[in-house]
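The structure under discussion appears below in the form of structure tokens.
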Amino acid sequence: MNALYDVPAPAKLNLFLHVTGRRPDGYHRLQSVFMLVDWCDTLHFETRSGGQITREDQGPALPADDLTVRAARALQTASGTPLGAHIVVQKRIPAQAGMGGGSSDAATCLLALNRLWRLGLSAAELCRIGLTLGADVPFFIKGHNAWVEGVGEQITPITLPPARFVVVKPAEGLETARIFGDPGLKRDTETAIISGFAANPYGFGHNDLQPVARQLCPGVSQALEWLAAQGLNGRMTGSGSAVFAQSLHGVQLQGAPVSWQVRVCNNLGVHPLAGWAPSDDL
């Protein structure tokens, strides 16, 4: 096997996001539920001898040292393999949206190259590598919708009922560091429990980052107001700027600004690559 084509990297939505405190090292303590959706990037991988890692972008240009390249190099270092790879990225998940696109690409890269290079690393080993790349990467490697705590490293798999969502990404993006560094961010939300969430999974809680994001990015407010005009109760995912709402019936999606991305998504029960790494029962 010298190549893997059409390998998916799904996005996630944060059903809620509570900031419950701040650690002495400055990182914020969070609670959230990460839910996989069928808005995906697609990656292609070909083995290269000599250890060189190259990347080709089909879609928006990515930074030269993006998370897929960093993931491939980290896997090389951890495994000691002499092999390299050429990676093609068809980017569809918008950047700076709070949908985890970069982290998902990195996770798919680790899972695919682990298979392509015949390394046999377990999901737990890949998660340890992934955590050095970003707090969300292990979630995508584990491949299950999850209750997430800590700084994102405490992941408890959960089952969510099938549902459909309208996702709106305004033209502007948001940098996570700007929101978490804002003095107006609420950092003392009371700790929640899974049973409280389970009683109302698609209406539970709120996103503590949303008020700050609305001040920093007018597009967030405009997108939420547009969803409300469609009769939908929206909230921001992650650190934004994308917003979403559960859709219980068909909605008219015309009339959004042409610079926005508007998409109807279904949630996923498991990641499309679940089982690609040994011991993937984490």
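The values are calculated or read from the model by the stated rules, or taken from the named source; none is laboratory data. No experiment lies behind these values; they were computed from the predicted model shown. Because the Cβ atoms are built from the backbone with ideal geometry, glycine has one as well, and the counts that use them run over all protein chains shown.
For the range 151-196, the set of residues classified as surrounded by 15 or more Cβ atoms within 10 Å (Cβ to Cβ), under 17 Å from Phe34 (Cβ atoms) and of a type in the set (A, V, I, L, M) consists of Ile155, Ile158, Leu160, Ala163, Val167, Ala192, listed by residue number.
Mind checking which residues of the range 260-282 are of a type in the set (S, T, N, Q) and either crowded, with 20+ Cβ neighbours inside 10 Å or under 22 Å from the mean Cα position of the chain (by Cα) (or both)? Once the filter is applied, which keeps residues that are of a type in the set (S, T, N, Q) and either crowded, with 20+ Cβ neighbours inside 10 Å or under 22 Å from the mean Cα position of the chain (by Cα) (or both), the range 260-282 yields Gln261, Asn266, Asn267. Taken together, the residues in the range 1-55 that are in contact (Cβ under 8 Å) with a residue 60 or more places away in the chain and in a helix (DSSP H, G or I) amount to 0. Can we say Gln252 is surrounded by fewer than 22 Cβ atoms within 10 Å (Cβ to Cβ) and either closer than 22 Å to His144 by Cβ or in contact with a Cys (Cβ under 6 Å, 6 or more places away or on another chain) (or both)? Taking the combined requirement at face value, the residue does not satisfy it.
Okay, residues lined up against (1) assigned to a loop (DSSP other than H, G, I, E, B); (2) aliphatic (A, V, I, L, M); (3) on the phi > 0 side of the Ramachandran plot:
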{"position": "Ala106", "(1), (2), (3)": "no, yes, no"}
{"position": "Arg115", "(1), (2), (3)": "no, no, no"}
{"position": "Leu119", "(1), (2), (3)": "yes, yes, no"}
{"position": "Glu125", "(1), (2), (3)": "no, no, no"}
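Apart from one condition, Leu224 fits all of (1) free of Cβ contacts under 8 Å to residues at least 24 places away in the same chain; (2) loosely packed, with under 14 Cβ neighbours inside 10 Å; the exception is (2).
Just give me the residues in the range 234-250 being farther than 22 Å from Thr159 by Cβ, out of contact with any Gly (no Cβ under 7 Å at 6 or more places or on another chain) and modelled with pLDDT under 95, in sequence order.
Of everything in the range 234-250, those that are farther than 22 Å from Thr159 by Cβ, out of contact with any Gly (no Cβ under 7 Å at 6 or more places or on another chain) and modelled with pLDDT under 95 turn out to be His249, Gly250.
For Ala71, the conditions (1) modelled with pLDDT of 95 or more; (2) under 23 Å from Gly173 (Cβ atoms); (3) crowded, with 20+ Cβ neighbours inside 10 Å; (4) within 15 Å of the chain's Cα centre (by Cα) all hold with the exception of (4).
Checked against (1) under 27 Å from Leu13 (Cα atoms); (2) modelled with pLDDT of 95 or more; (3) surrounded by fewer than 12 Cβ atoms within 10 Å (Cβ to Cβ), Pro60 meets all criteria but (2).
Only a single criterion out of (1) touching a helix residue (DSSP H, G or I) at 6+ places or on another chain (Cβ under 6 Å); (2) closer than 17 Å to Pro94 by Cβ is not satisfied by Leu224, namely (1).
The set of residues from the range 74-102 being within 18 Å of Ser259 (Cβ to Cβ), in contact with a helix residue (DSSP H, G or I) (Cβ under 7 Å, 6 or more places away or on another chain) and surrounded by fewer than 19 Cβ atoms within 10 Å (Cβ to Cβ) comprises just one member, Ala95. Scanning the range 249-273 for residues that are among the aliphatic types (A, V, I, L, M), touching a residue at least 60 places away in the same chain (Cβ under 8 Å) and part of a loop (DSSP other than H, G, I, E, B) gives Val251, Leu253, Ala256, Leu268, Leu273. Quick check, is Arg48 surrounded by fewer than 20 Cβ atoms within 10 Å (Cβ to Cβ), at pLDDT 95 or above, of a type in the set (D, E, K, R) and more than 21 Å from the chain's Cα centre (by Cα)? For Arg48, the condition - surrounded by fewer than 20 Cβ atoms within 10 Å (Cβ to Cβ), at pLDDT 95 or above, of a type in the set (D, E, K, R) and more than 21 Å from the chain's Cα centre (by Cα) - is met.
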